[in-house]
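Each value in this text was obtained by applying a stated rule to the coordinates, not by laboratory testing. Fair warning: this is a prediction, and the values are worked out from it, not measured in the lab. Cβ coordinates were reconstructed from backbone atoms using ideal geometry, including for glycine residues, and neighbour counts include every protein chain displayed.
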Amino acid sequence: MVLSIVERIKGFLFSPSETFDYSKEDTLCDAFKYFAVILAIYAVISAIIAAVVLSLIATLMGPFGAAMMPFGAGAGALAAIGAFVGAIVGGIIGIFIGGLWLHLWVYVVGGRNGVTQTIKALTYGMTPSLLLGWIPVVGIIAMIWALIVAIIGIRQLHELSTGKAALAVIIAIIIPVIIFGALIASFIATMMPGQMFPGPRGTGFGGY
């Protein structure tokens, strides 16, 4: 059964398990075409938001804000172009790097159907986030929704249990978060050693 893009969007949003079953034979090219469409929608919306926000800032700041904005009246257009290009480039690079990283943990928990299936699961799983993630508050729900859809995709396409699929996704998220947090903490400690780790009085390290 061949599903249209609209049918796929509805399927991954509301019946992901069945839709992933229909998508098992999809090629990576098929998945990327779908991803390109929903990524383009997200990029256009991001561009509009960037232009509107910058225009609002300039309006609220009055003549001073308009004078301070780089490139004057063209700042909104440049912001829109930057947001659009950033979303497209970041999305394409991120989906493949993220797919490879996720596949490492999928393989660890027992997934043996190939990296293509993992990238497909992640690509299709991004549907809620890309289509709804730009909406305030709803964006948080969309991110959680996208994680659930990705877990279902890993489960269906790699024929794993829900627990193993969830474990792979959670590990793939937690490890970068821990590393990033450690780097931030290390940076702060390096910048403010005396304030964070005061030494005893008279030692010269935060003492007298």
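Here are a few things to note about the model shown:
- Of the helices (runs of 4 or more DSSP H) lying entirely inside the stretch 96-201, those containing at least 3 residues that are within 14 Å of the chain's Cα centre (by Cα) and closer than 30 Å to residue 53 by Cβ are 115-125, 127-132, 138-158, 162-191.
- Selected residue [part of a helix (DSSP H, G or I), under 18 Å from the mean Cα position of the chain (by Cα) and not aromatic (Phe, Trp, Tyr)] from 51, 47: 47
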